[in-house]
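The values are calculated or read from the model by the stated rules, or taken from the named source; none is laboratory data. Note that this is a predicted model, so its numbers are computed, not measured. In this analysis, Cβ positions are derived from the backbone assuming ideal geometry, glycine residues included, and neighbour counts consider all displayed protein chains. Side chains are part of the model used for accessible areas, which takes the heavy atoms of the whole protein and leaves out ligands, DNA and RNA. Shrake-Rupley method; radii C 1.70, N 1.55, O 1.52, S 1.80 Å.
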Amino acid sequence: MFLINCPFCGEREQSEFKAGGEAHIERPKQPTELSDDEWAEFLFMRKNIKGVQYERWNHAHGCRKWFNIVRDTSDDQIKAVYKMGEKPPVK
Amino acid sequence: MKNNYSIFSLIKNAFSYHENWEKAWKDPEPKKEYEAIIVGGGGHGLATAYYLAKKHNMKNIAVVEKGWIGGGNTGRNTTIIRSNYLWDASAGLYDHALKIWEGLSQELNYNVMFSQRGVMNLAHNLQDVRDLKRRTHANRLNGIDAVYLNTEEVKKFCPIINTSQDIRYPVLGGTLQRRAGTARHDAVAWGYARGADEMGVDIIQNCEVKGIKRNGDTVEGIETTKGFIKAKKIGVVAAGHSSVIANMVGLKLPLESKPLQALVSEPVKPIIDTVVMSNAVHAYVSQSDKGELVIGAGTDDYISYSQKGSHDIVEGTLNAILELYPIFSRMRMLRQWGGIVDICPDASPIISKTSIKGLYFNCGWGTGGFKATPGSGDLFAHTIANDEPHKLNAAFNLNRFVSGDLVDEHGAAAVAH
C-alpha cells in the first residue's frame, strides 16, 4: 500500500489506481510478419524485475488517464512519475 | 536409519523430557559437487529432492534455500487442498497430487495432518451456477468426485452461511468435493525434509543463489553465498523469485510476481468444519485445529516482492466474509501477512525443461501451489531425472506460450486469481 502522485490529479492512494504492468513494451509494427516466438515474447514474457521497474498505471477511480512510474518492486518506493510519451528517466 | 515416530518413541522421549529427540534433518555445509541441485527449500523443492532420491535412485542431491526451509509460501498459504479443476490436464495434475496426499503421512512417517473435510465452492449469480455445474460434470468425467448443491443443501452442509436471498451476493448454490480438505503446511515441508535427509539429500539453509554458471548451452553449477557448487542438473523451484533466478541466465519467463495476503483470527471453538470458497466475492475460510479462522484474500494487481499487500484487499475480503457469515462480526483478527506468488498468464503452472541443458523450472503456481506439493515434486523429479516430462506434466511446458496451447484455468479454477 502506497501513495501515487498522479501527474494530473496529485497524490492519491494506490487503491484508486489500476496497475498496467511493465511499461515500454512496444506493439509490433508488422504483426503479420511476427514469428510465434516473437508473439510469445510480446504477449507473455515479462522481465518481472525485483528492483527498479518501469511500469504503466491508470488512475481508474480518478481522471482515468494512463501514465508511467518508476518503482522499486522490492520495497514499493516510487522513484519517478512521467507522462505517456515522455522519455523515461534514467535510473 | 532414522528412528520411526510412533506412540512408543513418544513415550520413550517423554521420560527424557523430550530433550533427546534426534534431529529431523542435518544442517550440512555444501559439498563441491552434486548430481542435482534443487534451488528453493519450500514444499515443492523438498518434495522434488525426496522423489529424486526415492524413485530415481539419485543420492547426491542438494536443496539450497536462501532462508530457512518452508519459510516462504509453504508457510504462508491457507493450506487448502482440492483437485476440482476444469481442464483435463489440470485435473490430471492436481488429482495426482491429491492421491499422494491421501497416503502421505504414512509414507513419510510424519503427520501432515491431512484432513479431508471437503471444499465447497459457492455460486452467487446465474453464470456462477452454470460454470460450477459445468465444472462438476467435467470433474466426474475425469474421475474426480464432485457434487452440485442447491442453496438448501449448502445451508445444511455449512449452517453458519447466510443464505438469505436479500444480501448483495446471495448464495444460489455450490459445489462440493468431499475428498478435498486441508493439511498442516509446515509439517509437509518438515516431513519431506526429514525423508529426503534420511536418503542422503543435503539440505543447505541460509544459502542464497547469486548466479548460474553455464558453458554454452549447458549448466555447470551455481554461485552461492556459500561458494560455487558444481552440478549437471539444476531444478529451480523458487516461487515468487523464479524470474530473479531466470534473469541470471538471461531467460525471460511469462510470470508476474504479486503479493497475496492471508489472515487468521483469534482462536475460537469449532464453528466451521469444512472449507468454503467463494469465487465471485473472493473470500475463503476454514478453521485450523488451533481454532483460528484461516482467511484467504486476493492478490494485488501490481508486481511487488515486498511480502506486504494493500489494506483495501483485506478490507474487501472481510466485507465479503461478514456478509456470508454474520456470526463472525465480532471476531478479532490476530495476524495478517503476505507472500509473493508467481502468476502465469493462464493461471497454470510450469514444470518444464528450458532452452538451457540441465536447467529445469517448476514455477507459476500462482495462488494455488500448496495443494499440488506432492504431485509437483513427483513430476518435477521425473522431469529432471529423465530429461523428459511425465505425461501428467507434459502440457505444463514453457513452450505452450509459443504454441498457444494454454491451459486456461483463469476463472475456471473455482477461485478468482
Within region A:70-82, can you find the residues that are surrounded by 14 or more Cβ atoms within 10 Å (Cβ to Cβ) and either of a type in the set (S, T, N, Q) or at the interface with chain B (Cβ under 10 Å from one of its Cβ atoms) (or both)? A:Arg71, A:Asp72, A:Thr73, A:Ser74, A:Asp76
Here are the criteria: (1) surrounded by fewer than 24 Cβ atoms within 10 Å (Cβ to Cβ); (2) in contact (Cβ under 8 Å) with a residue 40 or more places away in the chain; (3) within 14 Å of chain A (Cβ to nearest Cβ). Tell me which single one B:Asn247 does not satisfy. (2)
Conditions (1) over 22 Å from the mean Cα position of the chain (by Cα); (2) open to solvent by 10 Å² or more (accessible area, probe 1.4 Å); (3) of a type outside the set (A, V, I, L, M); number of the one not met by B:Asn111: (1)
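I need the full set of residues from region B:106-150 which are of a type in the set (Val, Ile, Thr) and out of contact with any strand residue (DSSP E or B) (no Cβ under 6 Å at 6 or more places or on another chain), in order please.
Filtering region B:106-150 for residues of a type in the set (Val, Ile, Thr) gives B:112, B:119, B:129, B:136, B:144, B:147.
Across region B:106-150, the qualifying residues are B:Val112, B:Ile144.
With B:Ser257, B:Ser242 as the choices, which residue is open to solvent by less than 40 Å² (accessible area, probe 1.4 Å), within 14 Å of chain A (Cβ to nearest Cβ), out of contact with any helix residue (DSSP H, G or I) (no Cβ under 7 Å at 6 or more places or on another chain) and not in a loop (DSSP other than H, G, I, E, B)?
Working: B:Ser257 fails: out of contact with any helix residue (DSSP H, G or I) (no Cβ under 7 Å at 6 or more places or on another chain).
Going through B:Ser257, B:Ser242 in turn, the sole match is B:Ser242.
For region A:21-42, name all the residues that are within 12 Å of another protein chain (Cβ to nearest Cβ), surrounded by fewer than 16 Cβ atoms within 10 Å (Cβ to Cβ) and under 13 Å from the mean Cα position of the chain (by Cα). If you could, list the steps in order and put the result at the bottom.
Of the residues in region A:21-42, the ones within 12 Å of another protein chain (Cβ to nearest Cβ) are A:21-23, A:25, A:34-42.
When the remaining residues are screened for being surrounded by fewer than 16 Cβ atoms within 10 Å (Cβ to Cβ), the result is A:21, A:25, A:34-39, A:42.
Within region A:21-42, A:Gly21, A:Ile25 meet the criteria.
Just for region B:306-331: of the residues that are farther than 21 Å from A:Asn58 by Cα and within 14 Å of another protein chain (Cβ to nearest Cβ), which one is surrounded by the most Cβ atoms within 10 Å (Cβ to Cβ)?
Pass one, region B:306-331, residues farther than 21 Å from A:Asn58 by Cα: B:306-308, B:314-315, B:317-331.
When the remaining residues are screened for being within 14 Å of another protein chain (Cβ to nearest Cβ), the result is B:306-308, B:314-315, B:317, B:319.
On the way: B:Ser306: 18, B:Gln307: 17, B:Lys308: 18, B:Val314: 20, B:Glu315: 12, B:Thr317: 23, B:Asn319: 13.
Selected residue: B:Thr317.
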If a residue has to be within 18 Å of B:Ile229 (Cβ to Cβ) and part of a helix (DSSP H, G or I) to count, how many in region B:14-70 make the cut? 6
Looking only at region A:43-62, decide whether some residue is free of Cβ contacts under 8 Å to residues at least 60 places away in the same chain, charged (D, E, K, R) and away from chain B (no Cβ under 13 Å). no
